[in-house]
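The structure appears right after this line, and notes come after that.
The values are calculated or read from the model by the stated rules, or taken from the named source; none is laboratory data. If you're wondering where the values come from, they're calculated on a predicted model, not measured in any experiment. Glycine also receives a Cβ, built like all others from the backbone with ideal geometry; neighbour counts cover every protein chain displayed.
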Amino acid sequence: MAYISIIVPIYNAEKYIEKTIKSIVVQTLKNIEIILVNDGSTDGSKQICEKYVDLDKRIILINKENGGLADARNAGLEIASGKYIMFIDADDLYEPDSCEYMYNLIEKTKSDYVIGNYQMMDEDGKRWNNVAFDPDIYEEMELDLNDHQKSFFVMNSTAWNKIYRTEFLKKYKITFKVPAPAEDSYFTLMCFIKAKKGFYTSKTIYLYRNSPNSLSKDCSIKYFKGINSSYKATYEAMKENRGLFFYRYVYAKINAYILCQMIDSEKIKDSEKLKCLSDFSWYFTLGEELKVNIIHESLQNIMIYVKRHDFINALKEMNIVKEYRKNISIDKRKRMSFPTKEDYLKMEKFDKEFIGK
């Protein structure tokens, strides 16, 4: 049995996939299984993968019709035989000792999953100066769903900077929801609420390539339908598994972000935005139940209209905000989209109501 099965979903990644594969095959931990999932690529990705299958017997190649990231990862999970599972995207990199370090740590701590630190890099591979989680603040620790001071901030929704116990995933049938653009969020949240023990290490084990493209401008109606479905499933799962305390902070983090994606999107018409607002009204009004009311002042009028189901006026406000966002700095747009630490502190007075819920 391999110590770790590494799953790599691939779609039209010929520009980067060879570097990604090389970062895996040179790992200091040699007893690994490398599962390349070619998700219907139409470029030269398949040929690059086939070359490495011939060079390294640890590599398995799955060729399938395009089904999206979640479907590709699930295809890898179905055949994975390793004691543990790791994921890496087709344009990212591991540090040379990432697998060995994560394997030793999950064995030592007897955790169901372990989160590692990561570092951003430019499209050309140049690393950013800082890592994602400041090691002076977020040290090695056991994770706690009721700890929003530290644990919450390192419990990011990405699947790729972690290692998972295969038996744990199979026991609770944790897979990626298909189709769902928010597949990482659902998968990782299910791990958080089902695990007996989770652990965090400040060691950088993953290098994430930052795309220069703006996701929000590319958000389609299909994207919003997908995340709506995923968010409903996530909320219901958190409520069913007594995880509403943690979910409050997840909700606070992404509530305004989703609204700003709708505002900025250039792929959906106003008529489609009206449909999105109607479909998401359950989500945007959830703040009352969760006692989360920290959205940026520039978005508050939109939320008021949504709560009244007055989507016409909500759309008018969205278009005003859209023009405003075009003329402000990236930092100011980010401030509108995400809460500050001060915003999170405002939620503390309601924490006791939700611990254990």
Pair list, Cβ under 6 Å, 6 or more apart: region 84-99 residue within 21 Å of Phe168 (Cα to Cα), other residue part of a loop (DSSP other than H, G, I, E, B) = Phe87/Ala159; Phe87/Trp160; Ile88/Trp160; Cys99/Gln27; Cys99/Leu29
ask   = Restricting the first residue to region 126-137 and requiring it to be without any contact (Cβ under 8 Å) to a residue 24 or more places away in the chain and over 21 Å from Ser157 (Cα atoms), which pairs with a second residue that is among the basic types (Lys, Arg) and surrounded by 13 or more Cβ atoms within 10 Å (Cβ to Cβ) meet a Cβ separation below 9 Å and a spacing of at least six or different chains?
value = none
Within region 66-86, tally of residues that are outside any loop (DSSP other than H, G, I, E, B) and either in contact with a Pro (Cβ under 6 Å, 6 or more places away or on another chain) or of a type in the set (Lys, Arg) (or both) = 3
query = Any chance region 96-114 includes a residue that's of a type in the set (D, E, K, R), under 24 Å from Asn210 (Cβ atoms), at pLDDT 95 or above and in a strand (DSSP E or B)?
reply = no
key: Residues (among the polar types (S, T, N, Q) and either in contact with a Cys (Cβ under 8 Å, 6 or more places away or on another chain) or at negative phi (or both)) located in region 1-35   = Ser5, Thr20, Ser23, Gln27, Thr28, Asn31
task = Mind listing whichever residues of region 5-22 are surrounded by fewer than 19 Cβ atoms within 10 Å (Cβ to Cβ) and either of a type in the set (Lys, Arg) or closer than 21 Å to Ser81 by Cα (or both)?
result = Lys15, Lys19, Lys22
query = What is the residue count in region 95-138 for residues that are β-branched (Val, Ile, Thr), surrounded by fewer than 19 Cβ atoms within 10 Å (Cβ to Cβ) and touching a Phe, Trp or Tyr at 6+ places or on another chain (Cβ under 8 Å)?
reply = 2
Matching helices (runs of 4 or more DSSP H) fully within region 190-283 where at least 2 residues are of a type in the set (Asp, Glu) = 221-240, 270-279
inquiry  = Pairs needed: first member in region 1-28, over 24 Å from Glu65 (Cα atoms); second member anywhere, part of a strand (DSSP E or B) and acidic (Asp, Glu); C-beta distance under 8 Å; at least 6 residues apart or different chains.
reply    = Ala2/Glu33; Ile4/Glu33
